[in-house]
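Quick notes on the structure that follows.
What follows draws every value from the coordinates through simple rules; no lab data is involved. Every value quoted in this text rests on a predicted model; they were computed, and no experiment measured them. All Cβ positions, glycine included, derive from the backbone under ideal geometry; neighbour counts span all protein chains shown.
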Number of protein chains: 2
Amino acid sequence: MKKLTIKDIAKEFNVSISTVSKALNDSYEISEGTKAKIQKYAKENNYKPNFNALSLKNRSTKTIGVIIPTMLNYFFAQVFKGIEKTALENGYKVITCISNQSFDKEVEIIEMLSNGSIDGFLLSMAKETEIKNDFNHFKESIENGTPIVMFDRVAQSISCDKIITDDFNSATTTVEFLYKKGHKRIAFISTMSDYKIGKQRFLGYKKGLEKMGLPFDESLVLNINERDYKKYGKEVKPFIKSIDLDAVMTTGESVAVSTMKALRKSGKKIPKDVAVIAFSNGILSRHSSPKMTTISQHGEQMGSKATQILIDKLKNKNTDVVTEVITTDIVIRDSTR
Amino acid sequence: MKKLTIKDIAKEFNVSISTVSKALNDSYEISEGTKAKIQKYAKENNYKPNFNALSLKNRSTKTIGVIIPTMLNYFFAQVFKGIEKTALENGYKVITCISNQSFDKEVEIIEMLSNGSIDGFLLSMAKETEIKNDFNHFKESIENGTPIVMFDRVAQSISCDKIITDDFNSATTTVEFLYKKGHKRIAFISTMSDYKIGKQRFLGYKKGLEKMGLPFDESLVLNINERDYKKYGKEVKPFIKSIDLDAVMTTGESVAVSTMKALRKSGKKIPKDVAVIAFSNGILSRHSSPKMTTISQHGEQMGSKATQILIDKLKNKNTDVVTEVITTDIVIRDSTR
């Protein structure tokens, strides 16, 4: 018999998965009437959030469930490489799903895999989950005996192991690096202002300016909300033209490529007139012309570390919760002096 | 959760097990009212006599399982976009897993998802599966009532719907295109000689030469077995130097970028001295300098078509098996005359 899932309950009442999740967790956001109705139904139909995980938790599958928010991302591909390597070394298998930045998909994947298929999760949160700020599915999974280790895009309020990039300090260090090379008009272009990591990078940028005694100038900041990288240029071009700048740091490499193009078109030489530096260290930075200086995030190390922490937890039933911070390095190529 | 048994249903309605059994089997011995009541309850509580895929095949989850062989691939990302779009339009959800080119992972994913989570599969085969030539997991899935539609990397011997790129004719057409632009020494660089699609492209290349009356020259063919795109250059550089050529066609865009670099380093101008054209139409071809002429595979269309075929099959229980061929287009940019 197919286990009654949160999805089935949502369908039954014609409400969202999030509503059911909140109702079952007695959230104040849901009306008492709805809560009572959903809780009654769940009870009557023997709904158990992760019953199988619970009953099976002493039965090891030697498999790790990995949830990655997006396919086309070199950073996550690097993390994945580290995960696969360390899992293999420890005799674990890996099963990987893509949430495609969707909250519903994330919930479904967790339900599906918790069904006795895996011992624990390694995951980076979907964008929608971060915006919704609804982490009940993570909480349930952990409470029901399926531990989670989060990497990169983590839910602060959830008590679990986390591996994060030192986004704030990395951005600060980058401003220092540029300042020491003689740059004073440093622009910040972000395609991640919705994300916590994007906010940290922005705050780190501001802190860097402050440390170097440079004024913060709002006209030097561009936040791009466009999701299609092919359209970044449309926002970058007028921005580049409108301001006087001698360096640009960006939150990712696609937008850095668009920025370099826009600079060239407006007659600026890279790195002579304007330096460019980007978070990430993927294929584009090596193939761009000039080759891009990047703030390298050590994705493979992050994946490897996350896997090791999860496996240690699975083996020792260790209940300590740690947050590891992976520092970044500036990989100097040709887009900076 | 404890599996709902026939005994539980009998208890619920205070009737005998025999009555429940007869009711579920639509026996004339039981009144229509009782049958309706018992069947409704069994359905609502997902009662199934035997827990296997076969018995679940009439229960729709409105979810499609997608298995993609590799994360960092713009073509598959395009296919995925088409899948998501068409699934959404038809009220279907999508759950996506990555086989990472592993036979074992592919088998595990199919087992896991066939467990009542999805109605059917859209998949592109893992490299290892293609090499092993072991397709029993596909056969089992189909025989047990979970249909499969394969795209791009398909198992010829499996009787299921398939959507493929017209690799052979595309390669032939590309040679014709280059010949008409005045090229006579056309090299072929492949990173896919292990794959059926790589073989088709090579055979199509040979056919194109034959059609144009050009001799086939083995020294103009380079097969790269290296998997790390960062190392393509090491094999491409000496190859480029060793031969006299005026055009190169490649099986992918990463290797085309490496080829353009090697050509520039050896003092050749693109496209004046040597034209470059690559299968695929991803981010690199738009960002490379010069921008790359590509053989565009219409991934989104492929994904959309595959999804439509699967959904039609799920709805109509259509047993016909089709193979759709998606043609390619040459997208002319700056790396060809």
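What whole number of Å gives the distance from the Cα centroid of the range B:287-337 to the Cα centroid of the range B:206-249? The range B:206-249 and the range B:287-337 have Cα centres spaced 26 Å from each other. Each other copy holds its own label point for B:Ala36; taking that point as 7 Å from Cα along Cα to Cβ, the gaps run 3.0 nm, nearest first. Shape class for the range A:65-128, computed from the alpha carbon gyration tensor (a ≥ b ≥ c): oblate, with a/c not under 1.5 and a/b at or below b/c. Dipole orientation for the protein assembly as shown: of the candidates B:Ala171, A:Thr319, B:Gln200, B:Ala171 has the Cα lying most toward the positive pole (charges on Cβ; Lys, Arg +1; Asp, Glu -1). For the residues of B:66-79, the average number of beta carbons from a partner chain within 10 Å of their own beta carbon is 3.
Pairs exceeding a 32 Å alpha-carbon distance, out of B:Lys180/B:Lys268; A:Lys81/B:Lys234; A:Lys269/A:Lys305; A:Lys207/A:Lys231: A:Lys269/A:Lys305. Taken about its Cα centre, the protein assembly as shown carries a charge dipole of about 1520 debye when Lys and Arg each add +1 at the Cβ and Asp and Glu each add -1 at the Cβ.
Each Lys and Arg Cβ is given +1 and each Asp and Glu Cβ -1; about its Cα centre, the range B:44-171 then shows a dipole of about 320 debye.
The same position B:Thr5 in the other copies lies at 2.7 nm from this copy, comparing label points 7 Å beyond Cα toward the beta-carbon, shortest first. Take each peptide in B:330-337, B:67-74, A:145-152, count the other Cβ atoms within 10 Å of every residue, and average; sorted highest first, the result is A:145-152, B:67-74, B:330-337. For chain B, what class follows from the C-alpha gyration tensor (a ≥ b ≥ c being the square roots of its eigenvalues): rounded when a/c is under 1.5, otherwise prolate if a/b is larger than b/c, else oblate? The shape class here is prolate. Among the listed pairs A:Lys181/A:Lys265; A:Lys272/B:Lys265; A:Lys93/A:Lys139; B:Lys265/B:Lys291, a Cα-Cα separation exceeding 21 Å is found for A:Lys181/A:Lys265; A:Lys272/B:Lys265; A:Lys93/A:Lys139. Averaged over the residues of B:285-293, the number of partner chain Cβ atoms lying within 10 Å of the residue Cβ comes to 3.
For B:Ser242 and B:Glu210, compute 0.36 nm times the residue count separating them, minus their Cα-Cα distance, and round to one decimal in nm. Working shown, then result.
Working: separation 32, 0.36 × 32 = 11.52 nm, distance 2.36 nm.
Taking B:Ser242 through B:Glu210 to full extension adds about 9.2 nm, to one decimal.
What separates the B:Leu203 label point from its copies, with the point 7 Å along Cα to Cβ, is 6.0 nm, written shortest first. Taking Cα atoms only, the orientation of helix A:196-211 departs from the longest principal axis of chain A by about 40 degrees. Compared with the dominant Cα axis of chain B, that is its longest principal axis, helix B:299-316 is turned about 20°. Amide H contacts for B:Phe151 (H built 1.01 Å from N in the peptide plane; partners 5 or more residues away or on another chain; cut-off under 5 Å): B:Leu123, B:Ser124, B:Met125, B:Ile163.
Shape class of the protein assembly as shown from the alpha-carbon gyration tensor: oblate, with a/c at 1.5 or above and b/c at least as large as a/b.
Take every residue in peptide B:88-101, count the Cβ atoms of other chains within 10 Å of its Cβ, and give the average of those counts. So the per-residue partner count for this stretch is 4. Principal-axis analysis of the Cα atoms of chain A puts helix A:32-44 at an angle of about 60° to the longest axis.
Bridging of B:Lys11 to lysines at a Cα separation below 19 Å is possible for A:Lys43, B:Lys2, B:Lys3, B:Lys22, B:Lys35, B:Lys37, B:Lys40, B:Lys43, B:Lys48, once same-chain residues fewer than 8 apart are set aside.
Restricting to chain A, compute how many DSSP beta bridges are antiparallel as a %, nearest 5. Please list the in-between numbers first.
Working: 3 of 37 bridges.
The answer is about 10 percent antiparallel.
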